[in-house]
Amino acid sequence: MKIPAVKGTRDFYPPQMAVRNFIVEGWKAASRRSGFEEYDGPIFEYLSMYQIKSGEEIVEQLFSLTDRGGRQLAIRPEMTPTLARMVNQQIHTLPRPIKWFSVPRLCRAERPQKGRLREFFQWNLDIVGAEDVLADAEVIFCAVDYLRSTGLTAQDIVVRLSSRRLLAALLKEAGASEEQLAAIYGVLDKKAKVPAEAFEAMLQEAVPSDQMRGRILQVMNSRSLDELEPKTSEGREAMEELRRLFALLDLMGIGEYAQFDIGVVRGLAYYTGVVYEIYDRGASLRAICGGGRYDNLLRDFGGPAVSATGMGMGDCVLEILLREKGLLKDENLPTRRLDYYVVFAGEQWASEVVRLAAQIRLAGWACDFSYKGGNLGKQLKQADQSGAERAVLLGQEYTAGKLVVKEMKSGRQEEVSREDFLASLKRV
RNA sequence: GUGGAAGUAGCUCAGCUGGUUAGAGCAUCAGAUUGUGGUUCUGAGGGUCGAGGGUUCGAAUCCCUUCUUCCACCCCA
């Protein structure tokens, strides 16, 4: 009885694993370039942790379980609650700003579709304890730095930026109450995703007043920051903050990637300031990356009111985009890398192959050999298929203490003494 | 949760309106080749046709159920 893989999961055979490693290693390298430290947590947490800031619908999309002690647990669907929990536990001893990154494996019980599976990897970058918009700029810079390193240019992708804080101020100026904001955010988040008529119907339901709705639509139709004129001091401050963010991104040399877009709201309730999403300019895919400032989250998780900002980038959409752009060539990604492949010409050297291969490995080099043996031609064929840089050949000259080292790519080979060869392994 | 399309060898697919023992290419393994690899040639293994049930003398083919995949919704932390 063959058992199939579970719905929405992937098996990573060596070629797929090479792709995954290519992506994950790129994420990690970019994180380290910007001075982030890596952390991780458990793959399951208390179910209640995800109920703090999420509605029933979110909880339905969790993989949950009850352990033998009756604890209600859930496999992590996102990393931020774990981050908040971990940071809160050591908030008084960790030097700030806390710049952390992680590449957790996450699970969500959603219906799989293009760019979305039930199990995936997500790069998380967060900065805790820095209120200044410079921290937001750094997170965005790091994400763009990674995307640039894959070969994506400002012609391929765009960071759509806005500010919840600014939007809240403008909505209040238009007459919205604090209680109405969440509902209005929910509708505005749909603006680019549903037909215009459906959007207006939804907005009409959330905002019955024609006058107020007109003002909101005027705000939403703004194409640039200059068209907006906040009248309250809160609005002007939020505006200044956003302008400073754009100036910082220019200073960092990635200004051409950034674009103001009042329509970026993000569905999530916990964002309090700058929010952004990264899209491919072709716009055929869902967002590659999303993030923003969440100044209340640590407090909501029982800690002190420490500000934070962060972003998440999933592997599924990214992989599709890289493939579409021809930036992911599977055949160029090796599943292994060998420095040496030891072969013999003559059965009497078969056990010497094992001894020599072990010595090469103990000296710190990647080395393999054939179990099957066979004639020299067959063994070299295997050496070739293994992708080894060099073949080491044991034959008649070995009786005189010599062996042949062959460069597989060029075919050049030279005879060296066993001692010289072993000595050469110690260099580097 | 809703709707559409599809499941035949490890992969890509043939298999006409039901009819002998279900095929091909690639891949794998073995041999041609006992001191020199990417070529070529020969051969082999591998499928209860996604699973279960039904119709029929007879089902990969028709019907039902279910699972999985892909796509579009809902949602998207």
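Summary of computed values
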item	result
Within region A:395-414, tally of residues that are within 8 Å of RNA strand B (Cβ to nearest atom) and part of a strand (DSSP E or B)	4
Residue list for region A:1-21, restricted to those being out of contact with any helix residue (DSSP H, G or I) (no Cβ under 8 Å at 6 or more places or on another chain), part of a helix (DSSP H, G or I) and either more than 16 Å from RNA strand B (Cβ to nearest atom) or not aliphatic (A, V, I, L, M) (or both)	A:14, A:16, A:21
Those residues of region A:309-347 which are of a type in the set (Ser, Thr, Tyr) and assigned to a strand (DSSP E or B), in sequence order	A:309, A:340, A:341
Matching residues in region A:173-198 - criterion: being loosely packed, with under 13 Cβ neighbours inside 10 Å and assigned to a loop (DSSP other than H, G, I, E, B)	A:177, A:193, A:195
Tally, over region A:328-350, of residues that are within 14 Å of residue A:22 (Cα to Cα) and among the hydroxyl-bearing types (Ser, Thr, Tyr)	1
Among (1) within 14 Å of RNA strand B (Cβ to nearest atom); (2) surrounded by 14 or more Cβ atoms within 10 Å (Cβ to Cβ), the one test that residue A:359 misses	(1)
Selection within region A:377-386 - closer than 20 Å to residue A:359 by Cα and more than 7 Å from RNA strand B (Cβ to nearest atom)	A:379, A:386
Exclusive hit being among the small types (Gly, Ala, Ser) and either surrounded by fewer than 19 Cβ atoms within 10 Å (Cβ to Cβ) or within 13 Å of RNA strand B (Cβ to nearest atom) (or both), set A:290, A:273	A:290
Within region A:22-134, strands (runs of 3 or more DSSP E) holding 1 or more residues that are away from RNA strand B (no atom under 16 Å from the Cβ)	A:64-66, A:98-102, A:119-128
Answer residue from region A:380-428, given it is polar (S, T, N, Q) and touching a residue at least 40 places away in the same chain (Cβ under 8 Å) and is surrounded by the fewest Cβ atoms within 10 Å (Cβ to Cβ) among those	A:396
Within region A:199-231, considering residues that are out of contact with any Gly (no Cβ under 9 Å at 6 or more places or on another chain) and among the basic types (Lys, Arg), the one surrounded by the most Cβ atoms within 10 Å (Cβ to Cβ)	A:213
Residue check for residue A:143: away from RNA strand B (no atom under 12 Å from the Cβ), in contact with a Cys (Cβ under 7 Å, 6 or more places away or on another chain) and either in a helix (DSSP H, G or I) or within 22 Å of residue A:39 (Cα to Cα) (or both)	yes
Residue in region A:17-38 that is of a type in the set (Lys, Arg) and either over 29 Å from residue A:138 (Cα atoms) or without any contact (Cβ under 8 Å) to a residue 40 or more places away in the chain (or both) present	yes
Flag for residue A:81 being surrounded by 15 or more Cβ atoms within 10 Å (Cβ to Cβ), closer than 30 Å to residue A:183 by Cα and not hydroxyl-bearing (Ser, Thr, Tyr)	yes
Number of positions in region A:238-262 that are outside any strand (DSSP E or B), in contact (Cβ under 8 Å) with a residue 12 or more places away in the chain and within 15 Å of residue A:273 (Cβ to Cβ)	10
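Residue-wise test of (1) within 13 Å of RNA strand B (Cβ to nearest atom); (2) touching a residue at least 12 places away in the same chain (Cβ under 8 Å); (3) acidic (Asp, Glu); (4) farther than 30 Å from residue A:24 by Cα.
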residue: A:285; (1), (2), (3), (4): yes, yes, no, no
residue: A:295; (1), (2), (3), (4): no, yes, yes, no
residue: A:314; (1), (2), (3), (4): yes, yes, no, no
residue: A:318; (1), (2), (3), (4): no, yes, no, no
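Quick grid of which residues meet (1) hydrophobic (A, V, I, L, M, F, W, C); (2) within 17 Å of residue A:318 (Cβ to Cβ):
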position	(1), (2)
A:4	no, no
A:17	yes, yes
A:20	no, yes
A:27	yes, yes
A:43	yes, no
A:69	no, no
A:94	yes, no
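Rule-based calculations on the coordinates, nothing more; no lab input. None of the values given here were measured: they were computed from a predicted structure. Ideal geometry is used to build each Cβ from the backbone, glycine not excepted, and the neighbour counts take in all protein chains shown.
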